[in-house]
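Please read the structure below before turning to the comments.
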Amino acid sequence: MAKTSQEIEKEFIENLKPSTGNDLKSWLSILKNCGIDKRNDIIKWLKETHNFGHMNASLLVGIFKNNGMPVYASEQNLLGNQFEKYPDMKPLYEELKSAILNWDKSVEFIAKKTYISITKKREFAAINVRKGELRMGMDLGELPFDDFLQKSKLTGPMPRISHMAVISNKKDITNKLLQFLDTANKRVNS
C-alpha cells in the first residue's frame, strides 16, 4: 500500500539530518534568513542552491510556511484547516458526510492539505470547502456537464475528478447527488 502524506513527511523529517547535514530546526532557521518570501522561489532556491529534489523542497517549505509545524502530522488538524476560513460550512459538511455514510458505511473521508478525499480502495470523489458552498467533485469520466454537474474546479485532487456538484444548503444533498456518487464509485472501484 502507498505511503500516506503523514508517513512521507515523518520519514522526510527523520532523514533530513543524515541526508543534508542539518536537522529541521536548522533548516527552518536557514529558510527564515534566506531573504526569500515566496513559496515557489524558496523551493527553486533549495533545489538550485542545496540540491533538494522537488518533493523534499516542497515538504520543507510546507513545514516552514506552516509556522515550523509538520503539515500532515494530524488528520484532525488537516480537517480543521479546511474550515478555518469558512467555519459556517462545517455543519453542512457534517450533514453531507452523514448522508454519504448512510448510503455506504464503508466510505472513508481522508483530510488532505487542500481537500477532503472520499475513498474506498481508491479515491472516487473529493470535497473542497469554499465561501458559502461545498464543491463535491466526482470521477464521472465522459458524462456530459449540465446545470447540476459542472466541470470540476476543485483544488487538490487528481485530475480524474472530472465533475462537481455545488452544495450550498441541506436541500442540495439529494438522492440524485448520491446516485452520481455511486456511479463514480463503481467507475473507480469495481
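Derivation of every value follows stated rules applied to the coordinates shown; laboratory data play no part. It should be emphasised that the depicted structure is a prediction, and the values quoted were computed from it without experimental measurement. Neighbour counts are summed over all protein chains in view; Cβ atoms, including those assigned to glycine, are modelled from backbone coordinates with ideal geometry.
Tabulated data
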| quantity | calculated |
| --- | --- |
| Ranking of ILE118, ILE8, ILE43 by count of other Cβ atoms within 10 Å, fewest first | ILE8, ILE43, ILE118 |
| Which of MET164, MET138, MET55 has the fewest Cβ neighbours within 10 Å, and the rest in rising order | MET55, MET164, MET138 |
| The chain: radius of gyration and largest Cα-Cα distance (Dmax), Å | 19.1, 56 |
| Residue among ASN169, ASN22, ASN81 with the largest mean-square fluctuation in a Gaussian network model of the chain, springs linking Cα atoms under 10 Å | ASN22 |
| Loop GluC sites (Glu not before Pro), region 1-100 (other Cβ atoms within 10 Å of the site Cβ: 15 or fewer; DSSP) | GLU84 |
| Principal axis box of region 77-189, alpha-carbon based, largest edge first, Å | 34, 30, 27 |
| Within the chain: Cβ-based charge dipole about Cα centre, in debye rounded to nearest 20 (Lys, Arg +1; Asp, Glu -1) | 160 |
| From the C-alpha gyration tensor of region 25-129, square roots of 5λ in Å | 34, 15, 10 |
| Relative intensity, log₁₀ I(q)/I(0), of region 5-65 from a Debye sum that treats every alpha carbon as a point, q = 0.12, 0.14, 0.18 Å⁻¹ | -0.24, -0.33, -0.56 |
| Leading residue at positive end of dipole, the chain (Cβ point charges), from GLY137, ASN22, GLN76 | ASN22 |
| Order of ASP172, ASP147 under a 10 Å beta carbon neighbour criterion, fewest first | ASP147, ASP172 |
| Lys, Arg +1 and Asp, Glu -1 on Cβ, resulting dipole of region 50-108 about Cα centre, debye, nearest 20 | 200 |
| Added length on full extension, which subtracts the Cα-Cα distance from 0.36 nm per residue, ASN77 to LYS153 | 25.0 nm |
| Region 77-189, dipole about Cα centre (Lys/Arg Cβ +1, Asp/Glu Cβ -1), debye to the nearest 20 | 260 |
| Neighbour cut-off at most 12 other Cβ (10 Å), DSSP loop, trypsin sites (Lys or Arg not before Pro), region 2-110 | LYS3, LYS38, LYS85, LYS105 |
| Potential extension, ARG122-LYS90 segment - 0.36 nm per residue separation minus Cα distance | 9.1 nm |
